[in-house]
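Report on the following structure.
The values are calculated or read from the model by the stated rules, or taken from the named source; none is laboratory data. Quick caveat: nothing in here was measured; it's all calculated off a predicted structure. All Cβ positions, even for glycine, are placed from backbone atoms using ideal geometry, and neighbour counts span all protein chains on display.
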Amino acid sequence: MASLVVIDYGSQYTRLITRRLRELQVFSVIETPDVTPARLRELDARGVVLSGGPQSVYGERAPQLPEGLLDAGLPILAICYGMHLLARALGGEVAPSPVREYGKAVLTSYGGALFDGVEGEFVAWMSHGDSVERPPRGFAVTASTSDTPVAAMEDLARHWYGLQFHPEVRHTPKGLSLLDRFVDATGVPRDWTAAHIVDAAVADVRTRVGYERVLLGISGGVDSTTLGLLLHRALGDRLVPVFVDTGMLRLGEGDEVERALRGLGVELVRVDAQERFLGALAGVVDPEAKRKAIGRAFIQVFAEEARRLQADGGRIRFLAQGTLYPDVIESAGGHGAANIKSHHNVGGLPDDLDFELIEPFRTLFKDEVREVAEALGLAPHLRDRHPFPGPGLAIRVLGEVTPERLTVLQRVDDIFISALREFDLYQDTWQALAVLTPLRSVGVMGDGRTYAHTVALRAVTSVDGMTADWARLPHEFLATVSSRIVNAVPEVNRVVYDITSKPPGTIEWE
Ligand code: XMP
């Protein structure tokens, strides 16, 4: 599949470049600066973007241009550090700026291929120490700021472009248009649409799997549910989907996911393992110990089921997993996706279960999985769900998880989340949750004194969950939710709202 390749020089925005290109319906991947010409051919690269980076080109271990890049005949968009590298390699001059620019700058553009349609003044996001003092031969200066005479340059003949600022961030409001023009210049096909992703993944899975069978663990979350739909489309009943109900899902969520999948033709095997999980959690209070207990119980239940299914229906050769592109980049240690090999077995499964792994979502971001879910017919309220942790509500019942306490939390959570949907606030928050605290306090209800639980509500805004801010939910809304909770759930007599950002807080309480 034709692609644009983003070379990662360590900018915090590298992923964002890839995502923006994908918004323009271009398949784009991240590679490291040591990417080889052969790898670029393998990726069918039609153009290369050099990201920014924290280094100076004069630094001791400054990363270099990929070998052979300048002879590859490919269009290049070089951003910030990338621009400095390109300028130097071609005989231009790069110097430390007298003024270190950081933040918004007003740019004047003089036209050119990239600035076509956005000539004149506009705001751009700068962050750099060095800058190009004299562009290399063949390059025209296409934009400046008051502190940076060469804020953009281009060599139209070779389709090589340099930008001192970041077109990928929202703080450069016209940046997407610049990326769009670069895409035009490369001629790469704009076919990265949900329908295309589905078709390509289906074809891929069929080739890889042949007439073998594939086992899939479904957790109830968006990713594994969507993967179930995709694999069902590719393989029909050669997909063996196993839904392990841990009992730690939201009120009614397990049934709902099962109904939705069956409605779309996926006949899943449901394992009701609530008792097993509650047993594994009995007496466990420490958050990490809870996670481990659940992880172990999951592996045990899943392994038993896998053995049973193989004893009944013959060998299952493959195991599918919903690994996403951000996991792939991360497990490569933040150095791009270049060196990752797909492993052959899943961490933790016993040796007798020797599956080959398939990961059809390895190239997708989370929002792309949601688009795939839409293309495959998953109902909107199931595909737009907030992220939900693997251990589920167990890490939101502080202290020991008992069936009674879990039920209390499920009811509170359901009231909160349903109200967010009812008041059209669900999509304004990145994640929302309720926490059952071990705290009891005194209250009055009717004529009587109560001594009951405190629950905490938390809703955050975020881009990727790494940092987050507490959501400024309207007071009226919070008042409504609070009174609904204390009226409907007798075990609760106090509701608090968490106003901590991350950092210093985390999103979950455990
Ligand atoms: P924190 O609490 O670390 O959460 O700010 C960031 C995101 O990760 C989710 N989370 C988990 N997901 N297993 C998961 O699959 C876990 O053990 C886990 N702990 C936290 C959390 O819900 C949030 O989206």
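Per-structure values
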item	result
Filter result for residue 240 (at pLDDT 95 or above, farther than 20 Å from residue 374 by Cα, assigned by TED's automatic domain parsing to the domain that holds residue 304 and not in a loop (DSSP other than H, G, I, E, B))	yes
Residue within the range 360-369 that is within 16 Å of the ligand (Cβ to nearest atom), touching a Leu at 6+ places or on another chain (Cβ under 9 Å) and modelled with pLDDT of 95 or more present	yes
Residue that is surrounded by the most Cβ atoms within 10 Å (Cβ to Cβ), among those in the range 371-410 that are in contact (Cβ under 8 Å) with a residue 12 or more places away in the chain and polar (S, T, N, Q)	410
All strands (runs of 3 or more DSSP E) inside the range 390-504 with 1 or more residues being within 12 Å of the ligand (Cβ to nearest atom)	431-445, 448-461
Search result, residues across the range 104-142 that are over 18 Å from residue 184 (Cβ atoms), crowded, with 16+ Cβ neighbours inside 10 Å and aliphatic (A, V, I, L, M)	105, 107, 124, 126, 132, 141
Set 295, 236: member being of a type in the set (Gly, Ala, Ser) and more than 16 Å from the ligand (Cβ to nearest atom)	236
Residue list for the range 179-211, filter: surrounded by 14 or more Cβ atoms within 10 Å (Cβ to Cβ) and in contact with a strand residue (DSSP E or B) (Cβ under 7 Å, 6 or more places away or on another chain)	182, 186, 188, 205, 208, 209
Unique match (being without any contact (Cβ under 8 Å) to a residue 24 or more places away in the chain and over 28 Å from the mean Cα position of the chain (by Cα)) among 149, 96, 135	149
Which listed residue is more than 26 Å from the chain's Cα centre (by Cα), outside any strand (DSSP E or B) and charged (D, E, K, R), from 184, 191, 223	184
Residue that is farthest from the chain's Cα centre (by Cα), among those in the range 454-510 that are within 22 Å of residue 424 (Cβ to Cβ) and among the basic types (Lys, Arg)	484
Of the criteria (1) within 25 Å of residue 433 (Cβ to Cβ); (2) assigned to a loop (DSSP other than H, G, I, E, B), which one residue 255 fails	(2)
For residue 175: the one exception among (1) modelled with pLDDT under 95; (2) closer than 18 Å to residue 13 by Cα	(1)
Matching residues in the range 154-164 - criterion: being outside any loop (DSSP other than H, G, I, E, B) and farther than 12 Å from residue 82 by Cβ	154, 155
Residues that are buried (at least 22 other Cβ atoms within 10 Å of the Cβ), polar (S, T, N, Q) and farther than 17 Å from residue 86 by Cβ, drawn from the range 4-42	18, 28
Members of the range 370-389 found to be away from the ligand (no atom under 16 Å from the Cβ) and assigned to a helix (DSSP H, G or I), listed by number	371, 372, 373, 374, 375, 380, 381, 382, 383
Which listed residue, of 127, 146, is in a strand (DSSP E or B) and more than 30 Å from residue 315 (Cα to Cα)	127
Scan of the range 483-493 for residues that are touching a Lys or Arg at 6+ places or on another chain (Cβ under 9 Å) and surrounded by 15 or more Cβ atoms within 10 Å (Cβ to Cβ), ordered by number	485, 486, 489, 491, 492, 493
Residue in the range 318-325 that is crowded, with 21+ Cβ neighbours inside 10 Å, away from the ligand (no atom under 16 Å from the Cβ) and assigned to a helix (DSSP H, G or I) present	yes
Filter result for the condition that a residue is free of Cβ contacts under 8 Å to residues at least 12 places away in the same chain and of a type in the set (Lys, Arg), over 170, 190	170
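Residues checked against (1) farther than 20 Å from residue 39 by Cα; (2) out of contact with any Leu (no Cβ under 7 Å at 6 or more places or on another chain); (3) at pLDDT below 85; (4) outside any loop (DSSP other than H, G, I, E, B):
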{"residue": "336", "(1), (2), (3), (4)": "no, yes, yes, no"}
{"residue": "341", "(1), (2), (3), (4)": "no, yes, yes, no"}
{"residue": "347", "(1), (2), (3), (4)": "yes, yes, yes, no"}
{"residue": "352", "(1), (2), (3), (4)": "yes, yes, no, no"}
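Per-residue answers, yes or no, for (1) touching a helix residue (DSSP H, G or I) at 6+ places or on another chain (Cβ under 8 Å); (2) outside any strand (DSSP E or B); (3) closer than 19 Å to residue 8 by Cβ:
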{"residue": "74", "(1), (2), (3)": "yes, yes, yes"}
{"residue": "91", "(1), (2), (3)": "no, yes, no"}
{"residue": "94", "(1), (2), (3)": "yes, no, no"}
{"residue": "113", "(1), (2), (3)": "yes, yes, no"}
{"residue": "118", "(1), (2), (3)": "yes, yes, no"}
{"residue": "121", "(1), (2), (3)": "no, no, no"}
{"residue": "141", "(1), (2), (3)": "no, no, no"}
